[in-house]
Amino acid sequence: MTKRVSVRDIARELGLHYTTVGLALRGSPRLKKETREKVRAVAERMGYRPDPILSALISYRNAKRPATFHAVLAWVNNWPDREALLENPIYRSYFEGASTRASELGYKLEEFWLHAKDMTPERLQRIFQARNINGLLIAPQPRSKVPVELNFHDFSAVAFGYSMHPHMLHLVTNHHTQTMDLVMDKVMELGYRRPGYCILPSTDVGGNYIWISRLLYLFTMHPDLTPVPRLQSLDPDFFKKWINKYKPDVLIGYNSVLPVIEKLGYRVPRDIGFVSMAIDTTDQRISGANQNDFLIGKIATDVLIGMIHRGERGLPEVPVRTLVDSTWFEGETLPLRKSPTKAKH
């Protein structure tokens with residue numbers, strides 16, 4: 001059998017200390033880019049492959065030790081209004097989850113604002129390089145299909161959700177298909193048969209139109225459901241006419257829909273049920289899907305740090321999507337319907 005090429009073998013070939021080679025193979029920012037690339041080239045030529053048993057042992061030992069500071073990870077904020085990003089409870093949970101996981105692994109998550117005074121993408125990249133920051137978490141964009149004008153060649157980068165355009169990075173997001181299935185299973189189980197979809201087309205694009213696509217599919221698979229045309233506007237007059245015309249027995253939307261319904265005079269859930277596609281975990285009243293945003297933030301950080309350790313830089317040849325399932329939150333706005341509306345045939 002051919003002897004496995006070790007880190008020490010590569011070190012002897014290059015005339016370097018084996019710890020330097022180890023750092024280079026892990027993509028450590030403590031070394032110059034040229035050194036990392038030289039070590040990787042020689043390792044590839046010599047046929048080096050990591051020992052999986054040794055790697056597992058090192059991971060186990062590291063997990064037992066208190067985390068020590070390694071480097072800064074960048075949270076890239078591309079919102080014109082800096083504070084607006086973290087005012088969104090979903091995105092704030094992303095940040096908190098990512099920051100917590102970074103700290104657990106010995107990193108620090110730091111925000112960088114692309115719209116700061118005199119800031120340009122080129123200047124931000126120089127800041128990253130000067131500070132040896134090579135891991136970027138690209139926060140959700142202020143609207144759908146927004147580009148991030150950074151050159152990712154020298155960085156490991158992970159995006160949240162589908163709002164960045166084009167989709168050229170690995171991304172972590174909610175499992176939207178599973179979320180709609182979860183919501184509709186509960187809706188049907190509790191006796192509702194006329195669901196009204198209240199997420200506007202302009203917002204739905206942010207989820208890559210997955211929710212509405214899945215809902216239309218479910219209508220075809222469940223003939224006992226009565227399809228209701230989706231809501232096109234949250235204007236109160238339009239909203240009320242839509243409810244009066246189509247008579248949905250449950251509304252499906254974001255939390256912001258609930259106060260609009262109640263201002264129109266509807267009592268929830270006595271007059272109409274309501275289910276949120278993305279609950280705020282601090283609100284115990286609203287029933288719906290908990291997208292596990294904090295966990296999404298932690299997993300995005302795990303993916304990013306794994307890329308850094310493997311030396312994966314630049315745009316991936318094949319972007320990978322990591323999807324996190326939702327869990328159901330009972331709340332009070334979707335009780336058992338005593339007299340379900342029967343489907344019309």
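Within the range 174-184, does at least one residue satisfy the condition of being outside any strand (DSSP E or B) and touching a Pro at 6+ places or on another chain (Cβ under 6 Å)?
The answer is no; no qualifying residue exists.
Within the bounds of the range 122-138, is there any residue that is closer than 23 Å to residue 162 by Cα, part of a loop (DSSP other than H, G, I, E, B) and at pLDDT below 95?
Yes, some residue in the range 122-138 is closer than 23 Å to residue 162 by Cα, part of a loop (DSSP other than H, G, I, E, B) and at pLDDT below 95.
Would you check which residues across the range 254-267 are among the aliphatic types (A, V, I, L, M) and farther than 23 Å from residue 211 by Cα and list them?
264 - this is the single residue of the range 254-267 that is among the aliphatic types (A, V, I, L, M) and farther than 23 Å from residue 211 by Cα.
From the set of residues in the range 252-287 that are in contact with a Gly (Cβ under 7 Å, 6 or more places away or on another chain) and within 13 Å of residue 335 (Cβ to Cβ), which is surrounded by the most Cβ atoms within 10 Å (Cβ to Cβ)?
So the residue we want is 275.
Name the residues in the range 26-47 that are farther than 12 Å from residue 9 by Cα, modelled with pLDDT of 90 or more and either of a type in the set (A, V, I, L, M) or not in a helix (DSSP H, G or I) (or both), would you?
Within the range 26-47, 41 is the sole residue that qualifies.
Would you point out which residue out of 55, 59, 144, 93 is touching a Phe, Trp or Tyr at 6+ places or on another chain (Cβ under 8 Å) and at pLDDT below 95? Working first, answer last.
Values: 55 fails: touching a Phe, Trp or Tyr at 6+ places or on another chain (Cβ under 8 Å); 59 fails: touching a Phe, Trp or Tyr at 6+ places or on another chain (Cβ under 8 Å); 93 fails: at pLDDT below 95.
Step by step, each of 55, 59, 144, 93 is checked, and only 144 is touching a Phe, Trp or Tyr at 6+ places or on another chain (Cβ under 8 Å) and at pLDDT below 95.
I need a count of the residues in the range 32-53 that are buried (at least 18 other Cβ atoms within 10 Å of the Cβ) and either aromatic (Phe, Trp, Tyr) or closer than 16 Å to residue 154 by Cβ (or both).
2
Which is within 30 Å of residue 74 (Cβ to Cβ) and not hydroxyl-bearing (Ser, Thr, Tyr), of 279, 272? Can you show your working first?
Values: 272 fails: within 30 Å of residue 74 (Cβ to Cβ).
The match here is 279.
Let me confirm something: among 75, 113, which residue is more than 22 Å from residue 27 (Cα to Cα), in contact with a strand residue (DSSP E or B) (Cβ under 6 Å, 6 or more places away or on another chain) and modelled with pLDDT of 95 or more? Before the answer, list the steps.
Values: 75 fails: more than 22 Å from residue 27 (Cα to Cα).
Checking each option against the conditions leaves just 113.
Take residue 193 and decide whether it is touching a helix residue (DSSP H, G or I) at 6+ places or on another chain (Cβ under 9 Å), more than 19 Å from residue 269 (Cα to Cα) and surrounded by 14 or more Cβ atoms within 10 Å (Cβ to Cβ). Step through it out loud before you land on a result.
Values: touching a helix residue (DSSP H, G or I) at 6+ places or on another chain (Cβ under 9 Å): yes; more than 19 Å from residue 269 (Cα to Cα): no; surrounded by 14 or more Cβ atoms within 10 Å (Cβ to Cβ): yes.
So residue 193 fails the test.
A quick yes/no check of all residues on (1) within 23 Å of residue 207 (Cβ to Cβ); (2) outside the structural domain of residue 108 (by TED's automatic domain parsing); (3) touching a strand residue (DSSP E or B) at 6+ places or on another chain (Cβ under 6 Å):
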position	(1), (2), (3)
264	no, yes, no
270	no, yes, no
276	yes, yes, yes
279	yes, yes, yes
300	yes, no, yes
306	no, no, no
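Name the residues in the range 2-25 that are aliphatic (A, V, I, L, M) and either part of a loop (DSSP other than H, G, I, E, B) or touching a Cys at 6+ places or on another chain (Cβ under 6 Å) (or both), would you?
Looking only at the range 2-25, we keep the residues that are aliphatic (A, V, I, L, M), and these are 5, 7, 10-11, 14, 16, 21, 23-25.
Of everything in the range 2-25, those that are aliphatic (A, V, I, L, M) and either part of a loop (DSSP other than H, G, I, E, B) or touching a Cys at 6+ places or on another chain (Cβ under 6 Å) (or both) turn out to be 5, 16.
Within the set of pairs 6 or more residues apart or between chains, which connect a residue that is assigned by TED's automatic domain parsing to the domain that holds residue 41 and modelled with pLDDT under 85 inside the range 1-21 to a residue that is among the small types (Gly, Ala, Ser) and surrounded by 11 or more Cβ atoms within 10 Å (Cβ to Cβ) with Cβ atoms less than 8 Å apart?
18/11
Which residue, of 200, 231, is outside the structural domain of residue 93 (by TED's automatic domain parsing), touching a helix residue (DSSP H, G or I) at 6+ places or on another chain (Cβ under 7 Å), of a type in the set (A, V, I, L, M) and touching a residue at least 24 places away in the same chain (Cβ under 8 Å)?
Values: 200 fails: touching a helix residue (DSSP H, G or I) at 6+ places or on another chain (Cβ under 7 Å).
It is 231.
Tell me whether the range 83-92 contains one or more residues that are touching an Asp or Glu at 6+ places or on another chain (Cβ under 9 Å) and under 19 Å from residue 304 (Cα atoms).
Within the range 83-92, one or more residues are touching an Asp or Glu at 6+ places or on another chain (Cβ under 9 Å) and under 19 Å from residue 304 (Cα atoms).
Which of the residues spanning the range 96-106 are at negative phi, at pLDDT below 95 and either part of a loop (DSSP other than H, G, I, E, B) or surrounded by 15 or more Cβ atoms within 10 Å (Cβ to Cβ) (or both)?
Correct list: 105 only.
Output the residue which, of all residues in the range 201-224 that are in contact with a Phe, Trp or Tyr (Cβ under 7 Å, 6 or more places away or on another chain) and closer than 22 Å to residue 189 by Cα, is surrounded by the fewest Cβ atoms within 10 Å (Cβ to Cβ). Break it down into steps so the answer makes sense when it comes.
Filtering the range 201-224 down to residues in contact with a Phe, Trp or Tyr (Cβ under 7 Å, 6 or more places away or on another chain) leaves 204, 206-208, 212, 215.
Filter again for closer than 22 Å to residue 189 by Cα, leaving 212, 215.
Numbers: 212: 16, 215: 20.
Among those that are in contact with a Phe, Trp or Tyr (Cβ under 7 Å, 6 or more places away or on another chain) and closer than 22 Å to residue 189 by Cα, it is 212.
Has the range 153-165 got at least one residue that is without any contact (Cβ under 8 Å) to a residue 60 or more places away in the chain, hydrophobic (A, V, I, L, M, F, W, C) and assigned by TED's automatic domain parsing to the domain that holds residue 114? Talk me through it step by step, then tell me what you get.
Restricting attention to the range 153-165, the residues satisfying the condition of being without any contact (Cβ under 8 Å) to a residue 60 or more places away in the chain are 159, 161-165.
From the residues that got through so far, the ones that are hydrophobic (A, V, I, L, M, F, W, C) too are 159, 164.
Then drop every residue that is not assigned by TED's automatic domain parsing to the domain that holds residue 114, which leaves 159, 164.
The answer is yes, given that some residue of the range 153-165 is without any contact (Cβ under 8 Å) to a residue 60 or more places away in the chain, hydrophobic (A, V, I, L, M, F, W, C) and assigned by TED's automatic domain parsing to the domain that holds residue 114.
The values are calculated or read from the model by the stated rules, or taken from the named source; none is laboratory data. Predicted model, so just to flag it, every value in this text is computed and none were measured. Note: ideal-geometry Cβ built from the backbone for every residue, glycine included; neighbour counts use all protein chains shown.
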